[in-house]
1. So, A:GLN125, is that one away from chain C (no Cβ under 11 Å), surrounded by 22 or more Cβ atoms within 10 Å (Cβ to Cβ) and of a type in the set (S, T, N, Q) or not?
2. Any idea which of (1) buried (at least 16 other Cβ atoms within 10 Å of the Cβ); (2) modelled with pLDDT of 90 or more; (3) β-branched (Val, Ile, Thr) is the one A:VAL250 doesn't satisfy?
3. Test C:SER230 against the stated conditions and say whether it is polar (S, T, N, Q), modelled with pLDDT under 95 and in contact with a helix residue (DSSP H, G or I) (Cβ under 9 Å, 6 or more places away or on another chain).
4. Considering each of B:LEU288, B:LEU259, B:LEU267 in turn, give the residue that is within 27 Å of B:TYR53 (Cα to Cα), out of contact with any Asp or Glu (no Cβ under 6 Å at 6 or more places or on another chain) and in contact (Cβ under 8 Å) with a residue 60 or more places away in the chain.
5. Would you mind stating whether B:ILE124 is in a helix (DSSP H, G or I), touching a helix residue (DSSP H, G or I) at 6+ places or on another chain (Cβ under 6 Å) and facing another protein chain (nearest Cβ under 10 Å)?
6. Count, please, the residues in the range B:22-67 that happen to be surrounded by 18 or more Cβ atoms within 10 Å (Cβ to Cβ), more than 9 Å from chain C (Cβ to nearest Cβ) and not small (Gly, Ala, Ser).
7. Looking at C:THR78, C:THR70, which one is touching a residue at least 24 places away in the same chain (Cβ under 8 Å), within 23 Å of the chain's Cα centre (by Cα) and more than 28 Å from C:ILE165 (Cβ to Cβ)?
8. Taking C:LEU118 as the residue in question, decide whether it is out of contact with any Gly (no Cβ under 7 Å at 6 or more places or on another chain), more than 7 Å from every other protein chain (Cβ to nearest Cβ) and surrounded by fewer than 19 Cβ atoms within 10 Å (Cβ to Cβ).
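The values are calculated or read from the model by the stated rules, or taken from the named source; none is laboratory data. If you're wondering where the values come from, they're calculated on a predicted model, not measured in any experiment. Using ideal geometry, Cβ is built from the backbone for each residue, glycine included, and neighbour counts are taken over all protein chains shown.
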Amino acid sequence: MKDEIIVKVNQVNKIYGMNHVVKDLNLSVKQGEFLTLLGSSGCGKTTTLRMIAGFEEATSGSILVEGEPVENKEPFERNVNTVFQSYALFPHMTIFDNIAYGLKVKKFKKSEIKEKVSQMLSLVQLEGFEKRYPRQLSGGQKQRVAIARALINNPKVLLLDEPLGALDLKLRKQMQLELKELQSRLGITFLYVTHDQEEALTMSDRIGIMHDGILEQLATPREIYEKPATRFIATFIGETNIFDGRIETVEGDFAKVLLENGSVIGKGEGFVKDELISVSIRPEKLKYSMEPVEGFELNGYVKSYIYVGSVIKAIIVLPNGYEIKLERLASELLPEIGSRVFPYWEVADSVLIHSFDQTFYRAVEDIQYG
Amino acid sequence: MTKSKHSLRANTIPAITTVGPITLWLLFLVAIPLVYVLVMSFCSIDEFYNVSYHFTLDNYKRLFDTNYLQIYAQSLFIAFFTTVICILLGYPFAYFIARAVSKRKAILYMLVIVPFWTNSLIRIYGWRSFLGTNGWLNTILMKLNLINTPVEFLYNRGTILLGMVYCLFPFMVIPLYTAIEKLDQNLIEASNDLGARGIYTFSHVILPLTISGVFAGSIMVFIPCLGFFFVSDILGGGNSDVIGNLIERQFQSGNNWPLGAALSIILILMTLLLVRIYQKLGGDMESLGV
Amino acid sequence: MRRKHKVQRILKMVFCCCIYLFLFLPIIVIVVNSFNATTKKPYLSWKGFTLSWYMKLFQNEELLSSFGMTLSIAVLSTILAVIIGSIAAVGMYKYKFKGKALIDGLLYIPVVIPEIVLGISLLTIFSKAGIPRGLLTLVLAHATFSIPFVVFNVRARLSGYDNSIEEASMDLGANRIHTFLHITLPVLAPGIGGGALMAFTLSIDDVIISYFTNGQVKTFPLKVMDSIKSGVAPDVNAFSTLILIGTTLLVVLTQSGIFRKNNKERG
């Protein structure tokens, strides 16, 4: 993968009336990567995509494609193409005409169009569908036509707006793999928008998590899962246990954290004494002992077990009533319900998160400026 | 904040080019003419029957002439009964064709429309030929020895009602048909399943769900009825006028435009009132369109 | 139980037949009278069968030219109404602007107001503006009552319309005009066609509004109106019969052809 930046979003804001939908967004998409913007509905991810495509105009900031600013370019003047959530296939045209549309607009020669369309059809495995109409296709087939129609123009970046959202679960899983395979084969940059975290984790080279208009973290799937930058991300991606507390002492990468139920040890950089923080520990990384463990002052009792196929989840209640989850293989022998246990973790498995993160400052700002 | 070039190209210019022409059209050929009618209704006429722009309330005073009052009453009477007859005949009829097998349904529906491809005047004249003293009906009745001398069926309120119902019947049937066709058959089955009898199902399920069609149809029948002067011209022989006849006379033979304008204002006010009631009853303007 | 159902069904059928008889009775009278050999006004008593009216009708130049006039007015006003109404429907659907509610309100006026009021208001404004009444005023008047129906028809089609297909077109490199001509227009075509058909039908059959805006020009319905006092001549009946046969054939043909294609697209 080359590190050339193909799309650069610079300090972009989007405001609709009273709604600040995208806030100070900075984003660099590298040549050939599969970058996903992930977030729940209304987080600004689709708006970001539409600004890059040219359907929406940024209120402030700039967007560069291959180093060239595109603010004053119409959608049809930009060398990016979009795959729409609703597919947006032209209902009155055959599959052939749908795919050929971009080339016909650019006045390509008929023979060339024919050749390229048939290449595209074989790429998306729809040979022989030329003469059909969109209404005669299944959801998955329409999806492939939409992709072929965009790819035939050889875009610098392919923008995909929840392209699998309308498909059923099984088909969606299959298409995820196909899309990823297609992307790495063609080497075209994909900027993908979804609200499905599993989809993002499966396909992406990098994931940008958006929350409330802000890009909270941009990193590889693994990094996001293992080192969530914010409390929101820690709870949004996968399951986790969150402990809110205050730093008592810092020793190198380790910090002693005072919680309501006693002190624990966590790992993280750049923290200072007395700072308010959260500790995140994944259920599968949480451990327990029948006796107290050095450095950890937590204790609780086992409230219940939930069997989820191959794994079993235990709910442990701490003295103040806070419930934490622990996950083990079902084959493991676990203490009886009601027994007292002492939760702890390998310090390296825990993640310390600033409480006063951007979300907090933003909340303060909102209060100040109404 | 100034508008950017992008929003100008993406929004302002297309909005003006698409909506501009219709705005001008509606302004110059609907709004201004109606305002001008209002203005004219306060004007007087000179000795040559030309409109002169001297403010007067005379036209409105003349609206309360007893002869006119009688005609308004007659006109409302005709419009009311035309609407009632159209509902009573149209509802079951629309119900039967909307509930017919889908293959047959399209044909039955088309058969309601087909008569309208023949000019309405000629069809009304057809009725006159049928009902006249030497028309078909009299001939048949005399052949059957039911009557000895021809009966005059024409030139009374009954024939005007017949002509109005005839002209406006489809305008009742079409909205009713649309409303009834949308009705979910499962609801009727559910009601029957819950033990409701036919009449109860009709009054508690079918009618409430299709009443919008009745309202829309009533508007489409009642209002035009007030203005259809040619029906009473042809079938009424000049003794069963509607408001439309009064207006027509002022703009043609009577040549008193300001008075005609004042009479038109009555029709406009009635229309506004009825549309207002229609909307209050929950009627959708859109269903008056098609 | 069964028997009750059967009785009900028979009653239903009898009722519907009566209604259809009511709707078609005057048309039967017209068709029969078109074969009536009588030459004495008002052409009512039956004097035997003849086809002569169908021959004579082609020598009645006044009648033919009035029908020609009706057709030209219908074509011109329909074209005007379709162009203005369709682009307005698209614009009103897609863009937000001030005064939209006002335009919407004005659109309903020609639909609900009694035709006579629209007719006399146009008459007064044409005379005030010094526009001589004739072909021009007739076309303007007919387009005025047709425009709303075109807008409503196109709007109905737009309600199921996916806006993103236009974005997709622009995304693929087509500018706004190309997008409108190649995407928006063809997709809306059935709605536009429906509106056009309605506008054409309304125009051809219009009596009241033409009556006030015609000047010296005689359309076919106005010609009929003139002749009513002296009795409608059998050649007019013959002509009406021909029109009826023509339109019925046209509709049967389009229903079996175009309509089927349309259904396929939707299904």
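1. On the way: away from chain C (no Cβ under 11 Å): yes; surrounded by 22 or more Cβ atoms within 10 Å (Cβ to Cβ): no; of a type in the set (S, T, N, Q): yes.
No.
2. The number of the failed condition is (2).
3. On the way: polar (S, T, N, Q): yes; modelled with pLDDT under 95: yes; in contact with a helix residue (DSSP H, G or I) (Cβ under 9 Å, 6 or more places away or on another chain): no.
Against the criterion (polar (S, T, N, Q), modelled with pLDDT under 95 and in contact with a helix residue (DSSP H, G or I) (Cβ under 9 Å, 6 or more places away or on another chain)), C:SER230 does not qualify.
4. Numbers: B:LEU288 fails: within 27 Å of B:TYR53 (Cα to Cα); B:LEU267 fails: in contact (Cβ under 8 Å) with a residue 60 or more places away in the chain.
Only one candidate qualifies: B:LEU259.
5. Values: in a helix (DSSP H, G or I): yes; touching a helix residue (DSSP H, G or I) at 6+ places or on another chain (Cβ under 6 Å): yes; facing another protein chain (nearest Cβ under 10 Å): yes.
Here the answer is yes, as B:ILE124 does meet what is asked.
6. Looking only at that region, the number is 4.
7. Unique residue meeting the criteria: C:THR70.
8. Values: out of contact with any Gly (no Cβ under 7 Å at 6 or more places or on another chain): yes; more than 7 Å from every other protein chain (Cβ to nearest Cβ): yes; surrounded by fewer than 19 Cβ atoms within 10 Å (Cβ to Cβ): no.
Here the answer is no, as C:LEU118 does not meet what is asked.
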